[in-house]
Amino acid sequence: MLYLVSTPIGNLGDISERARQVLQTVDLVACEDTRTSGQLFSLLGIKVTATTPYHEHNADKARPKLIEKLKKGVHIALVSDAGTPLISDPGYKLVRDCYDAGISVTTIPGANAVLSALQLSGLPSDAFYFGGFLPPKSSGRQHMLKNLKTIPATLIVYETPNRLEETLTDILNVMGNRFIAVVREITKKFEEVKRGLVSDLIEDYHLNGIPKGELVLVIERATNTQSEWTEQAIDNLIQETLTNHSVRDTADIVSGISGLHRKTIYNRILKIQNDKE
């Protein structure tokens, strides 16, 4: 049997009793990093029989050896550095090969940064898309964001603190001024959720500095109307509406027609007016 065991992402109290039992009774634990997992097991007071590395750099060589062990009746648990295995790691290939070899697989559910961030974001959770880590370079990041732009689901991605401001700027330029939640240090002492329009968060981080820790970005979904309205079309509608309405009424009217946030439209109106002066 291959056991997919979830471990805490921060708070050690999130380890389940079932996870403890499995980790202490299996013959071998395959770890993304044996040192990281070893420290975790020590803190949790879990005594494992043996560990072996299994990560993206050695997976192709290690996987056949693990499959052979499983065929011989060895029980193996797979863990990532933190959270649920197979999220942004090569574990799915091991699961696939187990099925091909007729080996049983089961999961030990537990902590997960993606779902936890979605819960904390306050954004709709009926449909969501997880995009993993965004590309490190702006060109690749913008290309990926363009592909995600029209998906009618709440978007979830991982990001590092040193790229946060650049990524938020790319989101603003590619996707528009959407509502977003930046969730960090989930279940840890300095857990924090910052919510607002992308432009507001960019300004906040510029003034107060970039946060530390592990970040999850949860981005407002696209609507059908959002994907149909270009920036030029919005500007044209604003200018037409302003001829007979106040700024406040124009923001309400254009927001209702386009499906975009009222604040997004209001800021656009101010920019148009400033450009004319």
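The values are calculated or read from the model by the stated rules, or taken from the named source; none is laboratory data. Computed from a predicted model, the values in this text were never measured in an experiment. Cβ coordinates were reconstructed from backbone atoms using ideal geometry, including for glycine residues, and neighbour counts include every protein chain displayed. SASA here: full protein model, heavy atoms, side chains in, ligands and nucleic acids out. Shrake-Rupley method; radii C 1.70, N 1.55, O 1.52, S 1.80 Å.
See the values below:
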{"quantity": "All strands (runs of 3 or more DSSP E) inside segment 35-133 with 1 or more residues being exposed (fewer than 14 other Cβ atoms within 10 Å of the Cβ)", "calculated": "105-108, 128-133"}
{"quantity": "Residue in segment 235-249 that is modelled with pLDDT under 80, surrounded by 12 or more Cβ atoms within 10 Å (Cβ to Cβ) and in a helix (DSSP H, G or I) present", "calculated": "no"}
{"quantity": "Within segment 86-125, tally of residues that are more than 16 Å from the chain's Cα centre (by Cα), within 30 Å of Val182 (Cα to Cα) and not hydroxyl-bearing (Ser, Thr, Tyr)", "calculated": "5"}
{"quantity": "Pairs where the first residue, in segment 188-205, is hydrophobic (A, V, I, L, M, F, W, C) and in a loop (DSSP other than H, G, I, E, B) and the second is modelled with pLDDT under 95 and open to solvent by 70 Å² or more (accessible area, probe 1.4 Å), C-beta under 9 Å, 6+ apart", "calculated": "Phe190/Lys212"}
{"quantity": "Count of residues meeting criterion [open to solvent by less than 10 Å² (accessible area, probe 1.4 Å) and in a strand (DSSP E or B)] in segment 153-187", "calculated": "9"}
{"quantity": "Residue check for Leu242: out of contact with any Asp or Glu (no Cβ under 8 Å at 6 or more places or on another chain) and in contact (Cβ under 8 Å) with a residue 40 or more places away in the chain", "calculated": "no"}
{"quantity": "Search result, residues across segment 250-277 that are in a helix (DSSP H, G or I) and either hydrophobic (A, V, I, L, M, F, W, C) or in contact (Cβ under 8 Å) with a residue 40 or more places away in the chain (or both)", "calculated": "Ala251, Ile253, Val254, Ile257, Lys263, Thr264, Ile265, Asn267, Ile269, Leu270, Ile272"}
{"quantity": "Single condition Ala50 does not satisfy, out of (1) hydrophobic (A, V, I, L, M, F, W, C); (2) farther than 25 Å from Glu17 by Cβ; (3) without any contact (Cβ under 8 Å) to a residue 40 or more places away in the chain", "calculated": "(2)"}
{"quantity": "Criterion (among the polar types (S, T, N, Q) and more than 23 Å from the chain's Cα centre (by Cα)) met by exactly one of Thr49, Thr7", "calculated": "Thr49"}
{"quantity": "Every residue from segment 1-34 that is touching a residue at least 60 places away in the same chain (Cβ under 8 Å), more than 24 Å from Ser116 (Cα to Cα) and in a loop (DSSP other than H, G, I, E, B)", "calculated": "Met1"}
{"quantity": "Selection count where residues are of a type in the set (Phe, Trp, Tyr) and either at pLDDT 95 or above or farther than 21 Å from Met144 by Cβ (or both), scope segment 167-204", "calculated": "1"}
{"quantity": "Cross-chain or 6+ apart pairs with Cβ under 8 Å, segment 78-100 first and in contact (Cβ under 8 Å) with a residue 12 or more places away in the chain, then assigned to a loop (DSSP other than H, G, I, E, B) and of a type in the set (Phe, Trp, Tyr)", "calculated": "Leu78/Tyr54; Pro90/Tyr54; Gly91/Tyr54; Leu94/Tyr54"}
